[in-house]
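Student: Right, I'll just put the structure down here and ask away after.
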Amino acid sequence: ALPELHGRTVAAMAHCLDQVKAYDAAIVSYDYLIFHLPDDHPGAVQLTIQRTIAQLFADQLADADDALRRLRSTIERYRDSAIGASYRLAGLVQQVFTGHYADAVEESDNLIDELRPLGVEAGYGYALMALSHHKIDSADTHLWWQRATLLMPPSSLIGRFDQLDP
C-alpha cells in the first residue's frame with residue numbers, strides 16, 4: 001500500500017544484513033531494490049555498488065567484477081560524489097580481496113580526495129590501503145593506518161574487514 005515506505009524498509013534491512021555479515025541475504029535485498037528502480041537512477045547506481053561490495057565479502061568475485069565493469073561507463077558523472085567515492089572503495093575492496101596489493105598501492109595517489117565524500121567511512125579505504133602497503137612491505141603502512149584510525153576505531157575497522165586482524 002505504501003511503496004515508498006516498503007522500499008525504505010527493504011533498504012534498511014539490506015544495510016543491516018550487510019553490517020551483520022549476512023551477505024547473501026543482503027544481496028537479495030539489494031537486487032530487489034535495484035529491480036524496482038530505473039537503471040540510470042542514482043539510487044540504483046549506489047545500491048549496485050553496495051551489492052558489489054557484499055558480493056566481494058560473499059566470495060562472489062566474478063559477479064562483483066562484472067558489476068564493477070558494467071558501472072565503469074556510468075560512474076564518471078558521479079566522480080566527485082559519495083557514489084563515486086563508494087565506487088572507488090568497491091574497487092579497492094576488490095583489489096585487496098583478490099590479492100592485488102601492488103595495484104592498490106600504485107593507484108593510491110588521489111585516494112584521500114577520492115574517498116573524502118564518504119566522511120568517516122573513508123577510514124575503511126585508508127585501512128585497506130594500510131593493509132596493501134603492509135603486504136608489499138612499504139614504509140607507508142603506518143601512515144595509512146594512522147589516517148584510518150583517526151576516522152574510526154581499530155575495532156570497527158577490524159570488525160568490518162577480517163583481513164586487518166593482526
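Student: What is the spread of the Cα atoms of the stretch 75-166 along each of their three principal axes, largest first, in whole Å?
Tutor: Projected onto the principal axes, the Cα atoms of the stretch 75-166 cover 38, 26, 20 Å.
Student: Just name one of Ile75, Ala22, Phe57: the one whose Cα is farthest towards the positive end of the charge dipole of the chain (beta-carbon charges, Lys/Arg +1, Asp/Glu -1).
Tutor: Ala22
Student: Using the alpha-carbon atoms, what tilt in degrees (0 to 90, nearest 10) does helix 82-97 show relative to the longest principal axis of the chain?
Tutor: Helix 82-97 and the main axis of the chain meet at about 60 degrees.
Student: Stretched out fully, how many nm does the piece from Asn110 to Leu150 gain, at 0.36 nm a residue minus the Cα gap? Display every interim value, and only then the final one.
Tutor: Working: separation 40, 0.36 × 40 = 14.40 nm, distance 1.84 nm.
Taking 0.36 nm per residue and subtracting the Cα distance, the gain is 12.6 nm.
Student: Another question, then. Angle between the Cα long axis of helix 141-151 and the longest principal axis of the chain, 0 to 90 degrees, nearest 10?
Tutor: Helix 141-151 and the main axis of the chain meet at about 40 degrees.
Student: Identify which of the listed values of P(r) over Cα pairs in 10 Å bins from 0, in percent was calculated from the structure shown: (1) 11, 44, 37, 9, 0; (2) 8, 25, 29, 21, 11, 5, 2, 0; (3) 10, 39, 37, 12, 2, 0.
Tutor: Looking at P(r) over Cα pairs in 10 Å bins from 0, in percent for this model, the match is (3).
Student: What residues from the stretch 111-155 fall in the zone where the backbone N is under 15 Å from a label point 7 Å along the Cα-to-C-beta line of Lys21?
Tutor: Those under the cut-off are 155.
Student: Among Pro38, Pro166, Ser108, whose Cα sits farthest toward the positive end of the charge dipole of the chain (+1 at Cβ of Lys/Arg, -1 at Cβ of Asp/Glu, about the Cα centre)?
Tutor: Of Pro38, Pro166, Ser108, it is Pro38.
Student: Which FRET efficiency value, to the nearest 0.05, do you get for Ala102 and Asp66 by plugging their Cβ-Cβ distance into 1/(1 + (r/R0)^6) with R0 = 22 Å? Please list the in-between numbers first.
Tutor: Details: r = 23 Å, r/R0 = 1.06.
In this case the efficiency is close to 0.40.
Student: Apply the Karplus curve 6.51 cos²θ - 1.76 cosθ + 1.60, θ = phi - 60°, to the phi angles in the stretch 43-59 and return the couplings in whole Hz, x for Gly and Pro.
Tutor: With coefficients 6.51, -1.76 and 1.60, one gets x, 5, 5, 4, 5, 5, 5, 5, 5, 4, 5, 5, 5, 4, 5, 8, 6 Hz.
Student: Can you tell me the 0 to 90 degree angle between the C-alpha axis of helix 61-71 and the longest principal axis of the chain, rounded to 10?
Tutor: Helix 61-71 sits roughly 70 degrees off the main axis of the chain.
Student: Treating only the Cβ of Lys, Arg, Asp and Glu as charged (+1, +1, -1, -1), what charge dipole size does the chain show about its Cα centre? Round to the nearest 20 debye. Provide the component values of the computation, followed by the final result.
Tutor: On the way: 13 positive and 23 negative charges, 71 e Å.
Approximately 340 debye in magnitude.
None of the figures in this text is laboratory data; all of them are computed from the coordinates on show. Since this is a predicted model, take the numbers as computed values, not measurements. We place every Cβ from the backbone using ideal geometry, glycine too, and count neighbours over all the protein chains shown.
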